[in-house]
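Here, each number is a calculation from the coordinates, and none is a lab measurement. Every value quoted in this text rests on a predicted model; they were computed, and no experiment measured them. Cβ: placed from backbone, ideal geometry, glycine included. Neighbour counts: every protein chain shown.
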Amino acid sequence: MTSTSTSTSTSTSTSTSTRTTPILDVKQLEGGYGSVQILNSIDLRVYEGEFVTIIGPNGSGKSTFLKMLFGLATHYRGTVLHNDTDVSGWRTDRLVGRGIAYVPQVDNIFPSLTVRENMQMGGIRLSAGKLTEGIGRVCWTFPDLESKISDLAATLSGGERQMLAISRALISNPSFLLLDEPTAALSPLYQQQIMSCIDGLRSEGMTVLLVEQNARLSLARSDRGYIFSGGKVVHTGKASEILDDPEIGAYFLGMQAD
Ligand SMILES: Nc1ncnc2c1ncn2[C@@H]1O[C@H](COP(=O)(O)OP(=O)(O)OP(=O)(O)O)[C@@H](O)[C@H]1O
Ligand SMILES: [Mg+2]
């Protein structure tokens, strides 16, 4: 890691240099659960169309950060701008209304419901027409699910469950997707499949903020990355530079420094 690694850099990568307004601009964000503070002075930006990955050790606050962006953790201080609107501390339903979707790390489907019913739960606030349109759209994205639409979600494989979780988030046709470890506990084959699905969403214009344990798999297709530790951002930069940094690699990517 370089000497700049402990700063919360605000510089942007080459891929973002022409983009002036971030879709998400988080400044000095602090928050947690009730009175338990987890996040300290987080600065993070995501530009429209970007794929940004957050990595970091267990318990470093990655999931808490995504929850805060989706109104599921307590906001203390700092700002969250979404397309220039201050949405700090907003409730989840209002954030969904702005086109933000979130796939949690755990408990992200209802096993006792069918695939179709799970999808319907994802569009519970939509009109009947929009819901039908949404289900049609996600079935086109995930043909494996379409063939199992009447099956109980409990009968799906691990990879199919993650596809269903992502489908539920996509039903409302969001423009900004927050994904928390979608490849966790999946075989390498399913990990690749999920990442290919995310690649497909990106090619359709989706902006993605991903938390991922499999740093190598995610950074390889990301524009930029952030490293969290102890509830703080300890490094940020172009994904390729993070991948190529031997010291970061030794700490976070499961490889030895040269
Ligand atoms: N509901 C909660 N109430 C209080 N503390 C919590 C709660 N959920 C998580 N924490 C604590 O917040 C800290 C950050 O947890 P978080 O789940 O955000 O980490 P993470 O980086 O996502 O870890 P992992 O890689 O294991 O998923 C941890 O110390 C955890 O114990
Ligand atoms: Mg987590």
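Can you tell me what percent of all Cα-Cα pairs in the range 165-222 are more than 12 Å apart?
Values: 1105 of 1653 pairs.
Everything past 12 Å amounts to 67 percent.
Which three extents, in whole angstrom, do the alpha-carbon atoms of the range 144-255 cover along their principal axes, largest first?
Answer, in whole Å and largest first: 49, 28, 25 Å.
Near the amide H of Ser229, under 5 Å away, which other amide H atoms are found, from residues 5 or more places off or on another chain, if H is placed in the peptide plane?
Val234
Report the convex hull volume per residue for the range 208-248, counting only C-alpha atoms, in Å³. Write out the running numbers ahead of the final one.
Details: hull volume 3.1 nm³, N = 41.
Spelled out: Cα convex hull of the range 208-248, divided by residues, is 75 Å³.
Report, for the range 178-258, the % of DSSP beta bridges that are antiparallel, rounded to 5.
On the way: 6 of 9 bridges.
About 65 percent, rounded to the nearest 5.
As a test, work out the antiparallel percent of DSSP beta bridges whose residues both lie in the chain, rounded to the nearest 5.
Details: 24 of 41 bridges.
If we restrict to bridges inside the chain, about 60 percent are antiparallel.
Using the C-alpha atoms of the chain, what convex hull volume per residue, in cubic angstrom, is computed? List each step's numbers first, then the result.
Numbers: hull volume 31.7 nm³, N = 258.
Convex hull of Cα atoms, per residue: 123 Å³.
Looking only at Val211, Val233, Val96, which one moves most when the chain is put into a Gaussian network model with springs between Cα atoms under 10 Å?
Val96
Using +1 at the Cβ of each Lys and Arg and -1 at the Cβ of each Asp and Glu in the range 48-143, identify which of Tyr102, His75, Thr85 lies farthest towards the dipole's positive end.
His75
Work out the P(r) tail for the range 27-151: percent of alpha carbon pairs separated by more than 24 Å, whole number.
Details: 3117 of 7750 pairs.
For the range 27-151, the fraction of Cα-Cα distances above 24 Å is 40 percent.
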